[in-house]
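Peer 1: I'd like to ask some things about the structure below.
The values are calculated or read from the model by the stated rules, or taken from the named source; none is laboratory data. Note that the coordinates shown come from a computational prediction; the quantities given were computed from them, not determined experimentally. With ideal geometry, Cβ positions are generated from the backbone for all residues, glycine too; neighbour counts draw on all protein chains shown. Side chains included, ligands, DNA and RNA excluded: accessible areas come from the protein's heavy atoms. Shrake-Rupley method; radii C 1.70, N 1.55, O 1.52, S 1.80 Å.
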Amino acid sequence: MLDNKKVVFSGVQPSGNLTIGNYLGAIRNFSAFSEEHLCFYCVVDMHSITVRQTPAELRRRTYETLALYIACGLDPMKNNLYVQSHVPAHAELSWILNCYTMFGELARMTQFKDKSAKNETNINAGLFTYPVLMAADILLYQTELVPVGADQKQHLEMTRDIAHRFNNIYGDVFVVPEPYIPAEGTRIMSLAEPTTKMSKSDENENATVRILDPKDVIIRKFKRAVTDSGSEVRFAEGKDGINNLITIYSCFTGKTVSEIEREFEGRGYGDFKIAVGEACADALKPVQEKFSELIRDKAYLESTMKSGADSASYYARKTLSKVKRKVGFVI
Ligand code: TRP
């Protein structure tokens, strides 16, 4: 609890173009917490440099991610929206927590194993300790709830382990956070390979739909989406491609699976794919319009990130000085 409110924290990396998977699985749901919780939504630029970045692009995407947060409905007056590297307490706590995290625990992380397989020539220490920085992000604000995609569950468990370990030694310093993972239905899969998650770093253009894709591109990508050889729009075991499209359509329109099956009875996949594309493009239109307005106003984005960082720092300092005192630093 901070200011008598439960705390919500989440982070999004500015290292890729955000997809409808990020939107439906995470960002879209963030604003629901704003009224009753104290919310921190962070652009985690320090996590991004665990893989090599082009500096100008990282900077551009940092602005873009902040603008997208706002365009997706997060009001900067009701949420702490800020950039991770602007609040040095994240790095400080991360170092301390490194000393309470075991080599063996980190070596078990599946994301580390995946990423080191993909970046064989740059398996750096930051990639290895990535989950510790994430734990620091979360624990710094006495967070109770962390809305994330299912792929982050293992990192969340590690955050809880670190918090427990620290609390066992020093008393109740950290709140132990809970993940808030949307229902299975909102796990959006790749359009090209529907058994794998839609990932913003996918090299196949047709696998992902980006929040900022123009309408014609969105429609084209859905038209090309991989489906099986059947023709009926029906949610069924093993029909991963069509199931994914039904899920996406349902998320954007609010219709249930059986309503969708009825709507497309006797119509083929072709019709359905166009309808999914239309629904997606229509739903994203207001987000895109707001985004293009915001991205032109750099001064506004800069003042927003500055006041977000100031207010986040205020809360972060409280936890950090307590931690420093506990471990025996002179403060
Ligand atoms: N690792 C998260 C991801 O890639 C991003 C992240 C960093 C995060 N710190 C966080 C998410 C803290 C939730 C809470 O999606």
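Peer 1: Is it true that some residue in the range 121-130 is open to solvent by less than 10 Å² (accessible area, probe 1.4 Å), closer than 30 Å to N244 by Cβ and assigned by TED's automatic domain parsing to the domain that holds T319? Please lay out each step first, then the result.
Peer 2: So the first thing to find is which residues in the range 121-130 are open to solvent by less than 10 Å² (accessible area, probe 1.4 Å), and the list is 127.
Going one step further and asking which of them are closer than 30 Å to N244 by Cβ, we end up with 127.
Filter once more, so that each one left must be assigned by TED's automatic domain parsing to the domain that holds T319: 127.
So far as the range 121-130 goes, yes, one or more of its residues are open to solvent by less than 10 Å² (accessible area, probe 1.4 Å), closer than 30 Å to N244 by Cβ and assigned by TED's automatic domain parsing to the domain that holds T319.
Peer 1: Within the range 151-175, track down each residue that is of a type in the set (D, E) and within 11 Å of the ligand (Cβ to nearest atom).
Peer 2: D151
Peer 1: A further question follows. Consider L93 against the criteria (1) open to solvent by 40 Å² or more (accessible area, probe 1.4 Å); (2) modelled with pLDDT of 95 or more: it satisfies all of them except one. Which criterion is unmet?
Peer 2: Here L93 clears every test but (1).
Peer 1: Let me ask something additional. Is it the case, given these coordinates, that I162 is open to solvent by less than 40 Å² (accessible area, probe 1.4 Å) and β-branched (V, I, T)? Walk me through it before giving the result.
Peer 2: Details: open to solvent by less than 40 Å² (accessible area, probe 1.4 Å): yes; β-branched (V, I, T): yes.
Judged against the criteria, I162 is a match.
Peer 1: Please determine whether any residue of the range 22-29 is under 17 Å from the mean Cα position of the chain (by Cα), away from the ligand (no atom under 12 Å from the Cβ) and open to solvent by less than 10 Å² (accessible area, probe 1.4 Å). Even if it seems obvious, please write down each step before you answer.
Peer 2: Within the range 22-29, the first condition is being under 17 Å from the mean Cα position of the chain (by Cα), and the residues that meet it are 22-29.
Applying the additional criterion that residues be away from the ligand (no atom under 12 Å from the Cβ) yields 23-24, 28-29.
From what's left, open to solvent by less than 10 Å² (accessible area, probe 1.4 Å): 24.
There is at least one residue in the range 22-29 that is under 17 Å from the mean Cα position of the chain (by Cα), away from the ligand (no atom under 12 Å from the Cβ) and open to solvent by less than 10 Å² (accessible area, probe 1.4 Å).
Peer 1: Would it be correct to say that S292 is open to solvent by 30 Å² or more (accessible area, probe 1.4 Å), within 30 Å of T143 (Cα to Cα), within 29 Å of the chain's Cα centre (by Cα) and of a type in the set (G, A, S)? Steps first, answer last, please.
Peer 2: Details: open to solvent by 30 Å² or more (accessible area, probe 1.4 Å): yes; within 30 Å of T143 (Cα to Cα): no; within 29 Å of the chain's Cα centre (by Cα): yes; of a type in the set (G, A, S): yes.
Answer is no for this residue.
Peer 1: Count, please, the residues in the range 193-212 that happen to be out of contact with any Lys or Arg (no Cβ under 8 Å at 6 or more places or on another chain), open to solvent by less than 40 Å² (accessible area, probe 1.4 Å) and of a type in the set (A, V, I, L, M).
Peer 2: Adding up the residues that qualify gives 3.
Peer 1: Somewhere in the range 307-315, is a residue of a type in the set (S, T, N, Q) and under 30 Å from Y170 (Cβ atoms)?
Peer 2: For the range 307-315, residues of a type in the set (S, T, N, Q) and under 30 Å from Y170 (Cβ atoms): present.
Peer 1: Could you tell me which numbered condition R60 fails, if it satisfies all but one of (1) open to solvent by 40 Å² or more (accessible area, probe 1.4 Å); (2) under 21 Å from T159 (Cβ atoms); (3) over 17 Å from the mean Cα position of the chain (by Cα)?
Peer 2: Result: R60 passes all but (2).
Peer 1: Does the range 139-150 contain at least one residue that is within 13 Å of the ligand (Cβ to nearest atom) and in a helix (DSSP H, G or I)?
Peer 2: Step one: of the range 139-150, the residues within 13 Å of the ligand (Cβ to nearest atom) are 139-141, 143-150.
Subset that is in a helix (DSSP H, G or I): 139, 150.
Yes, there is a match, as at least one residue in the range 139-150 is within 13 Å of the ligand (Cβ to nearest atom) and in a helix (DSSP H, G or I).
Peer 1: Looking for something open to solvent by less than 50 Å² (accessible area, probe 1.4 Å), at pLDDT below 95 and polar (S, T, N, Q) - is there at least one such residue anywhere in the range 224-235?
Peer 2: Within the range 224-235, one or more residues are open to solvent by less than 50 Å² (accessible area, probe 1.4 Å), at pLDDT below 95 and polar (S, T, N, Q).
Let's see how each residue does on (1) in contact (Cβ under 8 Å) with a residue 24 or more places away in the chain; (2) in contact with a Pro (Cβ under 7 Å, 6 or more places away or on another chain); (3) in a helix (DSSP H, G or I); (4) within 25 Å of I20 (Cβ to Cβ):
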residue: K273; (1), (2), (3), (4): yes, no, yes, yes
residue: A281; (1), (2), (3), (4): yes, no, yes, yes
residue: L284; (1), (2), (3), (4): yes, no, yes, yes
residue: V287; (1), (2), (3), (4): yes, no, yes, yes
residue: K290; (1), (2), (3), (4): yes, no, yes, yes
residue: T304; (1), (2), (3), (4): yes, yes, yes, yes
residue: A309; (1), (2), (3), (4): yes, no, yes, no
residue: T319; (1), (2), (3), (4): yes, no, yes, no
residue: R325; (1), (2), (3), (4): no, no, yes, no
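Peer 1: Out of the residues in the range 115-134 meeting the condition of being in a helix (DSSP H, G or I) and in contact (Cβ under 8 Å) with a residue 40 or more places away in the chain, tell me which one is nearest to the chain's Cα centre (by Cα).
Peer 2: M134
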